[in-house]
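Notes to accompany the following structure.
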Amino acid sequence: MKIFFKKSEITEYLDELKASSASIGFVPTMGALHSGHLSLIKQCLKNNKVSVVSIFVNPTQFNNTSDLINYPKDLKKDIELLENLSKKIIIFSPEAKEIYTDKELTNKYDFNGLDKFMEGKFRNNHFEGVATIVELLLKIIKPNSAYFGEKDFQQLAIIRSLKTNVNIVGCPTLRDINGLALSSRNIKLSVKSKTVASNIFKNLNFIKSNFHKSSIENLISTATNNINSFDQMNLEYLEIAEENKLVPTNVIKSEKKYRAFASVFVDGIRLIDNIALN
Ligand code: PAF
């Protein structure tokens with residue numbers, strides 16, 4: 001199994017493979033790997049001759065330092081998980097100074113409104129940080145395809161909107177037995193909090209089941225009350241938005257596709273989830 005820490009070394013190694021026209025698949029991650037990541041990596045291994053996984057906790061996408069400090073990190077365990085999945089995986093695990101050579105700065109973007117609500121509204125500058133790191137990593141790895149989870153649906157839409165020349169593949173959200181979306185942050189939850197947190201998915205499903213039966217206002221207010229009725233949970237946002245624009249709406253048009261999006265603090269841990277409604 002190959003692990004690179006320097007961009008010059010991985011670039012040189014991949015350039016040789018590219019010379020033999022091997023297709024390169026890439027899964028960028030922030031580590032604390034779980035079965036959700038592994039499902040993206042399995043898809044990548046299936047579709048490509050060469051699979052690269054990056055592990056880098058990107059400082060510029062955190063809008064507060066304590067969230068960055070508390071983000072779960074366990075490189076040794078991540079490497080073990082990847083090694084058990086396939087020894088063919090190439091790992092790229094750079095230090096921040098290797099990526100952000102000078103200052104940890106983000107680029108400026110016009111995401112055409114995709115970043116105005118939900119995560120973009122509540123996490124200042126988050127998507128600038130995500131877009132900057134994804135562009136930097138894609139420039140280093142130069143893959144044919146890159147894989148991202150639909151759990152971060154807004155992130156996926158924003159990455160798709162970048163002009164990258166890379167085939168961006170979205171992969172379905174993986175859930176635990178109670179429906180809780182798999183996330184690196186779940187490590188921070190007790191067993192009891194995880195059970196409570198599964199009510200996020202239950203309420204998204206409630207909205208889905210009643211999507212054409214009740215007004216959007218009613219659905220949102222019932223689900224909001226349900227979620228907030230648990231002492232451990234505090235809803236940050238719950239929105240219904242059309243998939244392509246990601247602007248919350250109360251007006252449903254039959255030809256368009258909608259999703260429900262939620263962010264909830266469960267025992268102080270911020271979790272997000274979304275599901276397709278039609
Ligand atoms: O989804 C993530 O884990 C991160 O936002 C990403 C895409 C790896 C960029 O740091």
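The values are calculated or read from the model by the stated rules, or taken from the named source; none is laboratory data. Quick caveat, the model's predicted, so the values are computed rather than measured. Note that each Cβ is placed from the backbone with ideal geometry, even for glycine, and that neighbours are counted across all protein chains shown.
Among residues of the stretch 60-74 being more than 15 Å from the ligand (Cβ to nearest atom) and assigned to a helix (DSSP H, G or I), the one that is surrounded by the most Cβ atoms within 10 Å (Cβ to Cβ) is ASN70. Please find, within the stretch 147-184, the residue that is farthest from ILE227 (Cα to Cα) out of those that are modelled with pLDDT of 95 or more and among the basic types (Lys, Arg). Checking each candidate, the answer is ARG160.
May I ask you to verify whether THR173 is closer than 26 Å to GLU236 by Cβ, within 14 Å of the ligand (Cβ to nearest atom) and not in a helix (DSSP H, G or I)? In short, yes.
Residues considered: ILE41, ILE10, ILE79, ILE91. Of these, the only one that is within 21 Å of LEU156 (Cα to Cα) and either buried (at least 16 other Cβ atoms within 10 Å of the Cβ) or under 20 Å from the mean Cα position of the chain (by Cα) (or both) is ILE41.
Only a single item in (1) out of contact with any Gly (no Cβ under 8 Å at 6 or more places or on another chain); (2) crowded, with 16+ Cβ neighbours inside 10 Å is not met by ASN178, and it is number (2). The set of residues in the stretch 35-59 being among the β-branched types (Val, Ile, Thr) and within 13 Å of the ligand (Cβ to nearest atom) consists of ILE41, VAL52, VAL53, ILE55, VAL57. Pairs are defined by a Cβ separation below 6 Å, a sequence spacing of at least 6 or placement on different chains, a first member in the stretch 149-175 that is under 25 Å from LEU204 (Cα atoms), and a second member that is more than 13 Å from the ligand (Cβ to nearest atom) and in a helix (DSSP H, G or I); the pairs so defined are CYS171/GLN43; LEU174/SER35; LEU174/SER39. Would you point out the residue of the stretch 160-170, among those that are assigned to a loop (DSSP other than H, G, I, E, B) and away from the ligand (no atom under 12 Å from the Cβ), that is surrounded by the most Cβ atoms within 10 Å (Cβ to Cβ)? Step by step, filter the stretch 160-170, then rank; the result is VAL166.
Taking every residue in the stretch 133-146 that is more than 16 Å from ASP15 (Cβ to Cβ) and pairing it with any residue that is of a type in the set (Val, Ile, Thr) and more than 14 Å from the ligand (Cβ to nearest atom), at least 6 positions away or on another chain, the pairs with Cβ-Cβ distances below 9 Å are SER145/ILE24. Within the stretch 260-275, the set of residues being within 21 Å of VAL247 (Cα to Cα) and in contact (Cβ under 8 Å) with a residue 60 or more places away in the chain comprises PHE261, ALA262, SER263, VAL264, LEU271, ILE272, ASP273, ASN274, ILE275. Restricting the stretch 94-138 to residues that are assigned to a helix (DSSP H, G or I) and among the charged types (D, E, K, R), the residue that is surrounded by the fewest Cβ atoms within 10 Å (Cβ to Cβ) is LYS97. Given the criteria more than 30 Å from ALA22 (Cβ to Cβ), of a type in the set (Ser, Thr, Tyr) and in a helix (DSSP H, G or I), does THR195 qualify? Answer is yes for this residue. I'd like the full set of residues that are in a strand (DSSP E or B) and either within 16 Å of the ligand (Cβ to nearest atom) or among the hydroxyl-bearing types (Ser, Thr, Tyr) (or both), limited to the stretch 1-34. Correct list: GLY25, PHE26, VAL27, PRO28, THR29.
Filtered by the rule that a residue be touching a residue at least 60 places away in the same chain (Cβ under 8 Å) and in contact with a Phe, Trp or Tyr (Cβ under 7 Å, 6 or more places away or on another chain), the stretch 187-236 gives VAL196, GLU236. Of all residues being part of a helix (DSSP H, G or I) and basic (Lys, Arg) in the stretch 75-93, which is farthest from ILE41 (Cα to Cα)? Just the residue, please. This residue is LYS76. Under the condition of being within 13 Å of the ligand (Cβ to nearest atom) and farther than 20 Å from TYR109 by Cβ, the residues counted in the stretch 144-159 number 4.
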